[in-house]
Structure formats: C-alpha cells, structure tokens
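Read through the structure below, which is laid out as structure tokens, and then see the notes.
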Amino acid sequence: MANLFFFQSSKSFMSIAFLIQKTVPFCFHCNADVVTEFIEGLVETYPGLQYLDGFPLVKVVIRSDVSSSTYEKVAIISGGGSGHEPAHAGFVGEGMLTAAICGDVFASPTVDAILAGIRAVTGPKGCLLIVKNYTGDRLNFGLAAEQAKSEGFEVEMVIVGDDCALPPPRGVAGRRGLAGTILVHKIAGAAAAAGLSLLDVAAEAKHASEMVGTMGVALSVCTLPGQVTPDRLGPGKMELGLGIHGEPGAAVTDLLPVDVVVAHVLKQILSTETNYVPITRGNRVILMINGLGATPLMELMIAAGKAVPIMQLDHGLAVDRVYTGSFMTSLDMAGFSISIMKADQKILQRLDAPTRAPSWPVGVEGDRPPAKIPVPIPVSRPTNNEEQLSRPQQLTHQGRILELAIEAAVSSVIELRDSLNEWDSRVGDGDCGSTMFKGAAAILDDMKNFAVHNLILRIHHPNYEGCSFSAEMTRFD
C-alpha cells in the first residue's frame, strides 16, 4: 500500500501515516505486460483512441480519426516512460496530442516505436515532437526524428525542461521535464488544430516551454512494479524538488504546514535570483496543481486554495487559470507539484480551445468570477401576528428538567464518539460517532450561549429569573 498522504485542513498541516508494506501491494504489479494491458484498457474506455498492433515492442496510442495518408494538420507527438499516467496517452485527442509513444515503466520508448508513431499519423504538414528533458528521451526521439527526416517527413522537436528545483548550473543535463509539459501539449495541440504551419506550431510550443516552471514535494517514494517499496524517507519527513521517476529530491526536511510548503515552492519557482521563469509582479499566470499518484483530489484542492492568495498577495500576480488534478504522476507517490506559466492572450486562447483528450480537465476555461458570493437572505413572509419566534425568557420546572435531560443525552453521545465510529466501521463508513459528536457539541454550545445571555440579564436586572445552566456543561467548551 502506498504511503497515505493527507492534510489536516483545520490547521493546514500536512501529515502522513506510514503504512509501508514489505511485499508487492497489487498482484498486477507483478505482470511484465502492465503497460500493454494499460493501453488495452485505455482504448476500450475511450472510443476516440486506438493503438498500433506492435506489442510488446511498439506501444503507441493514436487518435482513431487520424491517418497519415489523409491528415492535413501538424501532428503533435509526445511520450516517454510509462508510470506517469494519465500522461502521455491520456492526452491524445483532437486539440491536443495526435499520438503518444509509451515506453516501459520509467524507461524511454525505443527508436523503432517512436518512428512507428511518426509514420502512423504524420501527413504532409509534418509533425512536432514534444520531449521532456531526460537523456534517454532526447536521444531516442532525436534519432527517430533524424530517421523520419531521411524518409521525407517534416519533423521539428521541442525540449521541455521546467524543473525549478536544481540550482544553477542546473545539473549536467539541465532542467528536467515535469508536469509543465502538459501545458505545452495543450498549447501546441490547439495551435495545430487551428491550422498553423509546422514552424509556427513549434514556435508556440517552444515559447510556452520557456514560460513555465515546476517544483514538486513528496511524502513517499513510488513503488516500481514487482519491487518492494523503498523506505528512503523516514517518518515525519518530506522531500522537496524530487523527480518524477523516484529520483532523490533537492532537500529532505521535516513535515511542515501545507501553506508553508506551498509558499516555499512558489518562492523557489518565482525566484528572481535563479530566473527560472520570466515572471514578475503584475504578470498574468496559469497555475497547475498536479497530484503525483497517491494524493486525493481533496488535498490537491486544499493546495490550490492556499496557492492562489499567496500568488496574488505575496507575489502580485493575476491568476487567470487554475488546473487541479493528476496530470503527470509517479506511480503511487504521495505528493504534488506546482507549475506556474506566464500567460498572455494567445496562451489563454490555446488553453481554452476545445479538445477531446480524455484527461484534460473540463470547466476551467474562461475568466474567473469572484470566488464567493453572499448567502441568500430568506424571503420574509407576512403572518397574522408580528411576534418573532424566540427562546422563552423563563423556563418552567418541567422545562428545566428537560434541559438537564438534553444535556445528559448529548454528553453521553460525546463520550461514545469513538465507540460509535468503531461500531459503524464494521458495517458502514465509520463516521457515525463523529457526525453525532458534531451535532451534540453544537447543542451544548447553543445551550451555553443561552446561559451566558441569561447571566448577563441577571447582572443588569437582579430580579430576572431566566433558565438555569448547569456548571456540568462547561466541561465540553
């Protein structure tokens, strides 16, 4: 089982429960055909996708409506090692990728597989290869591009290196390609769908790749198929600036509040000293919160909610679009990455353009309205009398007995919270005690507020006789 990653949202702390098992967690992870079986399931799910019949050496997903002999637009091709789903195959579709070349888990696809993908979808307008900055990907895609050119295909290639974790000179190979690559896919795909030439599509993709920066944080390492989960990170630790293949990050630190982590990552990406991205105060930007595989959507949304005001208030940026979800994962790694792209009207137009890629988020295009609006006020209705319903100013003897009975009942419910949760977990979702606790606590709080109101009246009006309030109640403040 993957390490469990969650936020304590009430206090904005990230916490982790280490549930590391020393055995392979899922039986299908032992299967050497995991990638081909993933592709088979993918194309069965989405009728707009097909794959080339070349398993196991050629693992290529293509649009079902595209043929090299009839396609009259620039083909957009990307790919890399598997294990990052939904990238890259989940982004094949009209308006985004034309084909995705899948390697084995965390392994670059072969030259033959890449060349097969180029041949399958590239028409007279040529193809653009979008490649993440890893040695194997650059080598194999580069060799395939040269061979395709020798066969008469028009081919251009754009390298994406959006990693902002490595300090200058940023390693031997330069900045790694991370989740920001997905934004480049979308921009290039929309440009190609608009009918632009190969050189113009490549220019837009290259410009987009230079405008985006990404950095990740993880609370666990990923489990490779058929292998035992490594325990590089100990309890109470987190890793900053990790790679998407389980590579060690730039730093290991103690767990920190999520708002502190988000602020640190944003500061790193937007640093004017390293100048990873040309973003300054007053710029318009796009934000992407990307889950790394084992992070629930609720936690990703919490990170997005923390990031937007920090970007607005601390960095003076206008956040035009927010994409939150799992776009480029690392198998079952617990954590998330943040990508920031400098926006202009052309980039926003490309991102908002329609696409049929199954894993691109819907409902995020367009300008952002205010995040919150007032709660509607109930419409007043005329009544026969104008008396307002309210608490009685005095309780009868029977009313005081009822008050004590209610207090005793809700106190019992509060004491039974853990037991009720345990009983409910045997037949349900295990939250009965917690739900009833909230209601009981609200009743006690309401009774306490009423008692305080009575006490104030007694102080100012010595002859006032309001309802009683047992001191027993104060135990549950």
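The values are calculated or read from the model by the stated rules, or taken from the named source; none is laboratory data. Keep in mind that what you see is a predicted model, and the values were worked out from it rather than measured. Cβ placement follows ideal geometry from the backbone for every residue including glycine, while neighbour counts extend to all protein chains displayed. When the accessible area is computed, the model is the full protein with side chains, heavy atoms only, and any ligands, DNA or RNA have been set aside. Shrake-Rupley method; radii C 1.70, N 1.55, O 1.52, S 1.80 Å.
Specify which of the listed residues (60, 43, 111, 34) is open to solvent by less than 10 Å² (accessible area, probe 1.4 Å) and touching a Phe, Trp or Tyr at 6+ places or on another chain (Cβ under 9 Å).
It is 60.
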Got at least one residue in the range 331-352 being open to solvent by 30 Å² or more (accessible area, probe 1.4 Å), in contact (Cβ under 8 Å) with a residue 12 or more places away in the chain and of a type in the set (A, V, I, L, M)?
yes
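Against the definition (under 34 Å from the mean Cα position of the chain (by Cα) and surrounded by 22 or more Cβ atoms within 10 Å (Cβ to Cβ)), how does residue 142 come out, yes or no?
Working: under 34 Å from the mean Cα position of the chain (by Cα): yes; surrounded by 22 or more Cβ atoms within 10 Å (Cβ to Cβ): no.
No: the conditions fail for residue 142.
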Considering (1) part of a helix (DSSP H, G or I); (2) small (Gly, Ala, Ser); (3) not assigned by the TED database to the domain that holds residue 104, say which one residue 359 fails and leave the rest.
(1)
Examine the range 377-398 for a residue that is assigned to a loop (DSSP other than H, G, I, E, B), loosely packed, with under 13 Cβ neighbours inside 10 Å, at pLDDT below 90 and under 28 Å from the mean Cα position of the chain (by Cα), and state whether such a residue exists.
no
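Restricting attention to strands (runs of 3 or more DSSP E) lying wholly within the range 1-107, give those where 3 or more residues are touching a Cys at 6+ places or on another chain (Cβ under 6 Å) and at pLDDT 95 or above. Reasoning before the result, please.
Working: elements: 4-8, 13-17, 49-51, 60-63, 75-82, 99-105.
Hits in the range 1-107: 75-82.
Condition check ((1) more than 30 Å from residue 367 (Cα to Cα); (2) in the same structural domain as residue 183 (by the TED database); (3) at pLDDT 90 or above; (4) in a loop (DSSP other than H, G, I, E, B)) across all residues:
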position: 229; (1), (2), (3), (4): yes, yes, no, yes
position: 247; (1), (2), (3), (4): yes, yes, no, yes
position: 264; (1), (2), (3), (4): no, yes, yes, no
position: 278; (1), (2), (3), (4): no, yes, yes, yes
position: 288; (1), (2), (3), (4): no, yes, yes, no
position: 299; (1), (2), (3), (4): no, yes, yes, no
Kindly indicate whether residue 268 is within 22 Å of the chain's Cα centre (by Cα), polar (S, T, N, Q) and surrounded by fewer than 24 Cβ atoms within 10 Å (Cβ to Cβ).
yes
Given the conditions (1) more than 23 Å from residue 92 (Cβ to Cβ); (2) among the charged types (D, E, K, R); (3) outside any loop (DSSP other than H, G, I, E, B), report the number of the one that residue 350 does not fulfil.
(1)
Using the structure shown, decide if residue 130 is in the same structural domain as residue 345 (by the TED database), buried (at least 24 other Cβ atoms within 10 Å of the Cβ) and in a helix (DSSP H, G or I).
no
Determine if the range 250-263 includes at least one residue that is buried (at least 22 other Cβ atoms within 10 Å of the Cβ), of a type in the set (Ser, Thr, Tyr) and over 10 Å from the mean Cα position of the chain (by Cα).
no
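Would you point out which residue out of 192, 179 is touching a helix residue (DSSP H, G or I) at 6+ places or on another chain (Cβ under 6 Å), open to solvent by less than 10 Å² (accessible area, probe 1.4 Å), assigned by the TED database to the domain that holds residue 52 and within 23 Å of residue 360 (Cα to Cα)? Let's see the steps before the verdict.
On the way: 179 fails: touching a helix residue (DSSP H, G or I) at 6+ places or on another chain (Cβ under 6 Å).
It is 192.
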